[in-house]
Amino acid sequence: MEKKVYIVDAHEDVAWNALVLGRDVRRGVSETRQLERGSDIPRRDGTRMVGLPEWLAGDVAVVFGTLFVEPARKSYPKPHTYTTAEEAHELACAQIDYYHRLADECEQVALIGTRAELDAVLSSWPSEKPQVGIVPLMEGADPIREPAEAEMWFQRGVRLVGLSWLTGSSYAGGNAYPGPLTGKGRELLEVMAELGMILDVSHLAEEAFVEAMERYEGWVVASHANPRARVPGQRQLSDAMIRRLAERGGIIGIVLYDAFLRPGWSKGDPKDAVTLADVAAAVDHVCQVVGDVAHVGLGSDFDGGFGAEGAPQGIDTVADLGRLIPALAEMGYGEDEIAAVMGENWLRLLREALPE
Ligand SMILES: [Zn+2]
């Protein structure tokens, strides 16, 4: 490709990995893997895929960095989980503080909250010291103790909010615990629209999705979700949901997790069981359903509950995202179309949705 391709990854649990697993994102992947050798982290959470050197090597200019807090489940007690809104709030505060600290301490990381900050990050490529921009995304809204508190989170830099994670929240049902929007959820949508926040519908129960799409006046995306037509299940998006998102100018971030790319995949399957052709096929499905290439991007979810053993063949770290480029070319996508998928679609949305 002649054209400069910025890669945007719309879903990485950077802060959660740092605070819960002690994974400093400034370290390269091989160093983290070395440090974790002999620990139970790779077996439990997967082999590390993300690090600043890999973002830079892979032209990953912008990452949506999550504030992810996990509800405690009786059968599965763990530290760093919450049962009350107060606990959820504290855990997420630590994560947004982490992103601010990271950007303060590391000159190659910047937080993006405005169009000007986005432009500054992009104009640092290529140079001696390109910067990776992080857009804070709250995955599951329980840390917002009351709808009015969304304003405080906006001021702290959060630009996207998903109402629920798979277990649901006080705001809405989730993909594994279905339910509608709650009264509090409807109120939160109003506050978010006033602030100009982007609604992330990943993990929303379908019932809540339908109502949210009717009610919400602001920008809507699915930061990390794949077509249900290829892998069945409530976690993925039906063709009707994909069309609805596209009608509203939304973007769908394709997850590079084997279980979301090929039905029947299970942990322990060989690396070549899922390939970049499967990723390209998921991208292509969205394009075929909506009739253009403007509503799909990447939302890898790397290190979000799976590691390199759960990513397609050819993808060992986040630096390998660019290997999707030839896979898309092989399906007949042209240079501009590929650039749209790899990052330009997300950049267009951010330019329109972020405040000056
Ligand atoms: Zn998720």
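The values are calculated or read from the model by the stated rules, or taken from the named source; none is laboratory data. Small disclaimer: the values here were computed from a predicted structure and weren't measured. Cβ atoms come from the backbone with ideal geometry, glycine included; neighbour counts cover every protein chain shown. Side chains are part of the model used for accessible areas, which takes the heavy atoms of the whole protein and leaves out ligands, DNA and RNA. Shrake-Rupley method; radii C 1.70, N 1.55, O 1.52, S 1.80 Å.
A quick yes/no check of all residues on (1) open to solvent by less than 70 Å² (accessible area, probe 1.4 Å); (2) at pLDDT 95 or above:
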residue	(1), (2)
Glu2	no, no
Ile7	yes, yes
Ala10	yes, yes
Asp13	yes, yes
Arg27	yes, yes
Thr32	yes, yes
Arg37	no, yes
query = In region 53-94, which residue that is of a type in the set (A, V, I, L, M) and closer than 20 Å to Gly113 by Cβ is nearest to the ligand (Cβ to nearest atom)?
reply = Leu67
message = Suppose we filter Val293, Val289, Val274 for residues that are more than 16 Å from the ligand (Cβ to nearest atom), open to solvent by less than 20 Å² (accessible area, probe 1.4 Å) and in contact (Cβ under 8 Å) with a residue 12 or more places away in the chain; which single one remains?
response = Val274
ask   = Within the set of pairs 6+ apart or on separate chains, which have a first residue in region 195-213 that is in a loop (DSSP other than H, G, I, E, B), a second that is crowded, with 24+ Cβ neighbours inside 10 Å and among the polar types (S, T, N, Q), and C-beta atoms under 7 Å apart?
value = Ser202/Ser223; His203/Ser164
remark   = Residues in region 126-156 that are modelled with pLDDT of 95 or more and open to solvent by less than 70 Å² (accessible area, probe 1.4 Å) total 21
remark   = Given the conditions (1) part of a helix (DSSP H, G or I); (2) within 16 Å of the ligand (Cβ to nearest atom), every one holds for Gly305 apart from (1)
message = I'm told Val50 meets every condition in (1) over 23 Å from Lys78 (Cα atoms); (2) open to solvent by less than 50 Å² (accessible area, probe 1.4 Å); (3) away from the ligand (no atom under 16 Å from the Cβ) except one. Can you identify the failing condition by its number?
response = (3)
inquiry  = Which numbered condition in (1) of a type in the set (Val, Ile, Thr); (2) within 15 Å of the ligand (Cβ to nearest atom); (3) touching a residue at least 40 places away in the same chain (Cβ under 8 Å) is the only one that Val161 fails?
reply    = (3)
note = Note on Ser170: of the conditions (1) more than 18 Å from the chain's Cα centre (by Cα); (2) within 16 Å of the ligand (Cβ to nearest atom), unmet is (2)
task = Working only within region 217-271, note down all residues that are open to solvent by 70 Å² or more (accessible area, probe 1.4 Å), charged (D, E, K, R) and not in a helix (DSSP H, G or I).
result = Glu217, Arg230, Arg262, Lys267
request  = Can you give me the number of residues within region 7-27 that are closer than 19 Å to Ala110 by Cβ, within 13 Å of the ligand (Cβ to nearest atom) and more than 10 Å from the chain's Cα centre (by Cα)?
outcome  = 0
